[in-house]
Amino acid sequence: MSGLVRPDRAAGLGDEERGACAAVVSMGKVAAAHIALDVTSRVFEVMGARSTSERYRFDRFWRNVRTLTLHDPLDYKVRGVGEWVLNDRPLTPNFYS
């Protein structure tokens with residue numbers, strides 16, 4: 001993936017190259033968000049009810065991840081990546097890209 005776009009060409013990307021870069025970034029964001037939500041949710045399963053105590057403040061990690069995923073909706077990214085992979089349509093810039 002490092003060969004996707006040369007740094008010296010970043011300013012002059014065409015639609016196809018920009019769409020491919022946006023798709024790769026979107027895939028990374030979706031994967032990272034799903035993993036972060038899974039890990040932070042499982043903390044409570046592994047540590048038991050005591051982990052929800054305000055004394056330990058483990059809930060802040062889940063709340064931080066949840067806030068980030070709600071402010072950057074993944075559904076738009078998944079839809080755009082699907083269009084790129086299945087229909088060969090480059091991602092178009094939108095409010096959430």
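The values are calculated or read from the model by the stated rules, or taken from the named source; none is laboratory data. Keep in mind it's a predicted model, so treat the numbers as computed, not measured. Glycine also receives a Cβ, built like all others from the backbone with ideal geometry; neighbour counts cover every protein chain displayed.
The table that follows gives values for the structure above.
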item	result
Condition check for SER2: modelled with pLDDT under 80 and either in a loop (DSSP other than H, G, I, E, B) or more than 14 Å from the chain's Cα centre (by Cα) (or both)	yes
Members of the stretch 48-61 found to be at pLDDT below 85 and surrounded by 13 or more Cβ atoms within 10 Å (Cβ to Cβ), listed by number	SER51, THR52, PHE58, ASP59
Long-range neighbours under 7 Å by Cβ, at least six apart or interchain, first residue more than 8 Å from PRO90 (Cβ to Cβ) within the stretch 17-32, second part of a helix (DSSP H, G or I) and basic (Lys, Arg)	SER26/LYS77; LYS29/LYS77; VAL30/LYS77
The stretch 68-84, subset without any contact (Cβ under 8 Å) to a residue 24 or more places away in the chain and charged (D, E, K, R), residue farthest from ALA32 (Cα to Cα)	GLU83
Conditions (1) modelled with pLDDT under 80; (2) surrounded by 12 or more Cβ atoms within 10 Å (Cβ to Cβ): number failed by ASN94	(2)
